[in-house]
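Values quoted throughout were computed directly from the atomic coordinates according to the rules given, and no laboratory measurement underlies them. Since this is a predicted model, take the numbers as computed values, not measurements. Heads up, the Cβs are rebuilt from the backbone with ideal geometry, glycines too, and the neighbour counts pull from every protein chain shown.
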Amino acid sequence: MKNDKLPLPKIDSRLNSIGIIMDGNGRWAKKRLLPRSAGHVAGAKIIKQVLSDLREMGVHHVTLYAFSTENWKRSKEEVDGLMELFYKYLDEQVLGALRSDKSFGVRIIGDKSGLPERLRRKCIEVEEASGDREFICNVAINYGGRDEILMAANAAFRERGGEITKEDLERHLYTSHSPDPDLIIRTGGENRVSNFLLWQGAYSELHVTSTLWPDFGRADIIKAVEDFYSRQRRYGGVIEE
Ligand code: IPE
Ligand code: IPE
Ligand code: MG
């Protein structure tokens, strides 16, 4: 059966929030003797279908890792290309979707102050057009889990003027409007979290697939969901059989 015709799996409220580390664009391009930028373009193209599938399944929060605080280490050519791609994607795809679909929302998480000014303003425009909606996609751009925890701890400390609680800190996380991810999917086969949702992912189930991000489709979603439902989430406790 063609990948996009496969029936979507049934899920329940245990799988309400999903994080995705969209890795493998560079290797996808290399395999085809294309520049890395072609991999990023191909990766951006599949996002719409993945979000549509997850939404149809009944997921309400998706957090996509698009650019980490460490990705600035890449060549200027690659970084500039990515910033341009993010701008175009937000401007051409996301703003239109937000206007036509009132239950679809987008938040940009990460340190916007480090982004090129034009992109920073586009991120704000997108968030203003969105607000709280039934389905939320958080896009992590210039995002790092360690920076986020530091930023939130400092903000909470300033607010309290002294010792802070877990709840104080969580209120200041970029993701304070979304529940912690139940499942984090990583494409590209690396068994690591690369500074993604370090606080929020403390008890997330991890599913790593060797599929490269631009090839990620329904068959991969089905595998990830099956893997998730085969797990027993114990949160440090003991479940009596
Ligand atoms: C992920 O793909 C996209 C970003 C980090 C922006 P990569 O560009 O890391 O692809 P690989 O890991 O080199 O294949
Ligand atoms: C993680 O991928 C970041 C994103 C997908 C945006 P990387 O390619 O940056 O991760 P490492 O370098 O393999 O850890
Ligand atoms: Mg990578």
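Descriptive notes on the structure:
- Per-selection Rg to Rh, the range 15-152 - Cα, Kirkwood hydrodynamic radius: 0.95
- Sorted fewest first by neighbouring Cβ atoms within 10 angstrom, Arg171, Arg186 come out as Arg171, Arg186.
- Potential lengthening between Tyr235 and Arg14 on full extension [0.36 nm per residue; Cα-Cα distance subtracted]: 78.2 nm
- The distance between label points at Asn191 and Glu167 comes to 3.9 nm (points 7 Å beyond Cα on the Cα→Cβ vector).
- Loop GluC sites (Glu not before Pro), the range 55-104, which have at most 13 other Cβ atoms in a 10 Å radius of their Cβ (DSSP): Glu70
- Our coupling estimate for the range 78-86, obtained by passing each phi through the Karplus curve with A = 6.51, B = -1.76, C = 1.60 and θ = phi - 60°, is 5, 5, 4, x, 5, 4, 5, 5, 4 Hz, Gly and Pro reported as x.
- Near the amide H of Asn138, within less than 5 Å, lie the amide hydrogens of Val62, Thr63, Leu64, Arg107, all on another chain or at least 5 residues away, with H placed in the peptide plane.
- Volume per residue that the Cα convex hull of the range 142-241 spans, once the total is divided by residue count, Å³: 131
- Inter-site label distance for Ser176 and Glu134 at 7 Å from Cα along Cβ, in nm: 2.7
- Between Ser210 and Ser103, the contour length at 0.36 nm per residue exceeds the Cα-Cα span by 35.3 nm.
- Stretching Lys76 away from Arg118 to a fully extended chain increases their span by 13.4 nm, per 0.36 nm per residue minus the current alpha-carbon distance.
- Here the relative contact order of the range 1-138, from alpha carbon pairs under 8 Å that lie six or more residues apart, stands at 25 percent.
- Calculated FRET efficiency for the pair Leu33/Glu127, C-beta based, R₀ 30 Å, to 0.05: 0.20
- Counting only Cα atoms, the chain measures 55, 55, 36 Å along its principal axes, largest extent leading.
- Within the chain, percent of DSSP bridges classed antiparallel, to nearest 5: 0
- Over the chain, relative contact order from alpha-carbon pairs under 8 Å, at least 6 apart, %: 27
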